[in-house]
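Structure first, then comments.
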Amino acid sequence: MARLCDIVLLMTIITVSGTLAADSEERLVRMLFNESTYNSGVRPAQTPSEVVSVKITLAVSQVISVIEKEEVMRTNVWVQQEWTDPRLSWNKEDYDHIDLIRVPAEAVWRPDIMLFNNKDGQYDVALYTRVLVYDSGYVYWLPPAIFTSECSINVRHFPFDKQNCTLMFGSWTYDKREIDLIQGGYMTDDFKESGEWAILEIPDRRVETEDNVFIAYDFMLARKPLFYLVNMIVPIILLTTLALLVFYLPVDCGEKVGLCINILLALVVFLLLIAD
């Protein structure tokens, strides 16, 4: 009986603690996002001339494909964005030591980071995930995206070629006098290898124009040639060898014409398979 009472008491304490924590977080959210004190459409600057710093880090998940005919590259990435919003800071001692809240992305100010060299009209991220807000005003957002970007293809050394495809990120709304983009590099913690392309390096660089600033990620890609060696180069060598062997057959051999026709048909079928 005493043990049952202890269990009931413990469950009551846990329930009350959880309720108090939920109440504290609700009070905190209401305080931060009060319409009279916070507007998500206003830049988080203390003065009109202050420049808001936004750190961009690209978390690369996968190089889905590189389509040579259309000169595009499709990638699966997370665009990590970090900035500080002084309006979203609080004293955690007043809210049961809560130092982190998660709020909808639509509720906070965002720097409108877009992919400028997209090829399919999808400028923005694929999903508006929740934003992490810390008690210091530090804001962390990691939305996923599947981008289709422009990529100039040079197949001179195919299938041993290397390509350089660039992702160019910048703010769609603000110029460099309002926000400053900081290079954060790239991450491959959850990277999935492609069966056709190997990533040699992804250097990032800051591109600054008269009015805007961009962060560019150069995907240095090397094609994996094994598939093309087995399915293209080796069959071509074999067909060429058979075509040369025809000249070693005697002129009066009745199978000479038949072998030439068979080689020609095999070459036509092979070309059709390559075209598909």
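The values are calculated or read from the model by the stated rules, or taken from the named source; none is laboratory data. Since this is a predicted model, take the numbers as computed values, not measurements. Neighbour counts are summed over all protein chains in view; Cβ atoms, including those assigned to glycine, are modelled from backbone coordinates with ideal geometry. Accessible surface areas use protein heavy atoms only, side chains included; no ligands, DNA or RNA. Shrake-Rupley method; radii C 1.70, N 1.55, O 1.52, S 1.80 Å.
Among the numbered criteria (1) loosely packed, with under 11 Cβ neighbours inside 10 Å; (2) closer than 30 Å to residue 274 by Cβ; (3) hydrophobic (A, V, I, L, M, F, W, C); (4) free of Cβ contacts under 8 Å to residues at least 60 places away in the same chain, which one does residue 251 miss?
(2)
Filter the range 67-92 down to the residues that are of a type in the set (Asp, Glu) and under 17 Å from residue 133 (Cα atoms), then identify the one that is least open to solvent (accessible area, probe 1.4 Å).
Across the range 67-92, the extreme among qualifying residues is 85.
Could you run through the range 80-116 and say how many residues are over 19 Å from residue 176 (Cβ atoms) and not basic (Lys, Arg)?
22
When you scan the range 136-174, how many residues do you find that are assigned to a strand (DSSP E or B) and over 14 Å from the mean Cα position of the chain (by Cα)? Give the derivation first.
The initial filter retains those residues of the range 136-174 that are assigned to a strand (DSSP E or B), namely 138-141, 144-150, 162-171.
Right, trim to over 14 Å from the mean Cα position of the chain (by Cα) and you get 138-140, 150, 162-164, 170-171.
Number of matching residues: 9.
Looking for whichever is among the hydroxyl-bearing types (Ser, Thr, Tyr) and open to solvent by 50 Å² or more (accessible area, probe 1.4 Å) here; the options are 47, 57. Which one fits?
Just a single option satisfies the conditions, and that option is 47.
Looking at the range 1-41, which of the residues that are surrounded by fewer than 10 Cβ atoms within 10 Å (Cβ to Cβ) and modelled with pLDDT of 85 or more is nearest to residue 97 (Cα to Cα)?
Filtering first and then ranking leaves 30.
Scanning for something of a type in the set (Lys, Arg) and modelled with pLDDT under 85, does the range 244-257 turn up at least one residue?
yes
Does at least one position in the range 224-232 carry a residue that is closer than 23 Å to residue 67 by Cα and loosely packed, with under 12 Cβ neighbours inside 10 Å?
Yes, that holds for at least one residue.
Output the residue which, of all residues in the range 93-131 that are open to solvent by less than 40 Å² (accessible area, probe 1.4 Å), in a loop (DSSP other than H, G, I, E, B) and closer than 15 Å to residue 173 by Cα, is modelled with the lowest pLDDT.
Here the answer is 124.
Out of 161, 211, 190, which single residue is in contact with a Lys or Arg (Cβ under 7 Å, 6 or more places away or on another chain), modelled with pLDDT under 90 and open to solvent by 60 Å² or more (accessible area, probe 1.4 Å)?
211
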